[in-house]
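The values are calculated or read from the model by the stated rules, or taken from the named source; none is laboratory data. Only a predicted model underlies this, so the values are computations on that prediction, with no experimental measurement involved. Please note: Cβ atoms are built from the backbone with ideal geometry, for glycine as well, and neighbour counts cover all protein chains shown. All accessible areas refer to the heavy atoms of the entire protein, side chains included, with ligands and DNA or RNA removed. Shrake-Rupley method; radii C 1.70, N 1.55, O 1.52, S 1.80 Å.
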Amino acid sequence: MRILITEDEKDLADALATGLRRQGYAVDIAYDGEQALLLAEVNSYDLIILDLNLPKVDGIKVCSTLRGWGSSAGILMLTARAGLDDRIKGLDQGADDYLVKPFHFPELLARVRAILRREGDSRKPILRAGDLMLDSNALRASVKDTPVMLTAKEFGILEYLIRNAGRVVSQEELLEHVWGEEANAFTQSIKVHITNIRKKLSLAGGEGLISTMKGKGYLIG
């Protein structure tokens, strides 16, 4: 899943990005509202963490603009304003949830997971593909109840493939949604990670779960 953090407090933005990346999310950062809109116009985000008080374009305007474009990305607003009117205004402009600063990272993480689940079956925390089971909340994987130890990136790749089961996912799409802006289109990272994932799944009895469609990408289901 790919997340955009829009926060002008650089230390906070960088800390949130580090924490979310450790959970396996692909994360981009914008330090003002104008940059956020530019990034959202060219990239597909699953969730946007959006500060209310931003330079250049404030968070309310960013939120209303995104919804005006037809964006279905989840939006979690962050703000130091605790007033009811501010919360109502943000939600009325299309935000999915609202978190008042200061906050604890585990609470933010729980709200992120909750928003990502709201899109229906494709956001269920427990995902299955044949004998493979992923728990996206606990970051656990197993094949026929045999645990599979995955890195955060490996888990992210498998989660994205399962959420798109039955559809061929290109290497470029995986890079965009699992790596984010730091992705290099010419890297061999996807192939290396897929090879490692297959080895780990095979050791647990899950051979052949991931198919390679030559010249197109990867497929589960």
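Which angle from 0 to 90°, rounded to the nearest 10, does the C-alpha axis of helix 59-68 make with the longest principal axis of the chain?
Its long axis makes an angle of about 60 degrees.
Rounded to the nearest whole Å², what accessible area per residue is found for the stretch 105-171 with the 1.4 Å probe?
49
Give the label of the value calculated from the structure for semi-axes √(5λ) of the Cα gyration tensor in Å, choosing from [x] 38, 22, 14; [y] 30, 21, 17; [z] 33, 18, 15.
[z]
Show me the GluC sites (Glu not before Pro) within the stretch 14-115 that DSSP assigns to loop and that have at most 11 other Cβ atoms within 10 Å of their Cβ.
Nothing satisfies the criteria.
Report ³J(HN,Hα) in whole Hz for each residue of the stretch 141-148, in order, from the Karplus equation J = 6.51 cos²θ - 1.76 cosθ + 1.60 where θ = phi - 60°; Gly and Pro get x.
Computed from phi, the couplings for the stretch 141-148 are 10, 8, 10, 6, 6, 8, x, 10 Hz.
Need the list of lysines near LYS200 for cross-linking: C-alpha distance under 16 angstrom, and skip anything on the same chain fewer than eight residues off.
LYS144, LYS153, LYS191
To make sure I understand the rule: partners must be lysines, Cα under 21 Å from the Cα of LYS61, and not fewer than 8 residues away in the same chain. Which ones qualify?
Cross-link targets: LYS10, LYS89, LYS101.
Label points 7 Å out from Cα along the Cβ direction at ASP145 and ASN196: separation in nm?
Distance between the two pseudo-spin positions: 2.9 nm.
Describe numerically, in nm with one decimal, the distance between label points set 7 Å from Cα along Cα→Cβ at ALA110 and at SER189.
Here the answer is 3.1 nm between the modelled labels.
Compute the angle between helix 189-203 and the longest alpha-carbon principal axis of the chain, please, reported from 0 to 90 degrees and rounded to the nearest 10.
Around 50 degrees separate the two axes.
Give a residue-ordered list of calculated ³J(HN,Hα) values for the stretch 7-14 (Karplus: 6.51 cos²θ - 1.76 cosθ + 1.60, θ = phi - 60°; whole Hz; x for Gly, Pro).
7, 7, 7, 4, 4, 5, 4, 5
Under the classification rounded if a/c is under 1.5, otherwise prolate if a/b is larger than b/c and oblate if not, where does the stretch 92-151 fall, given a ≥ b ≥ c as square roots of the Cα gyration tensor eigenvalues?
Oblate, because a/c is 1.5 or more while a/b does not exceed b/c.
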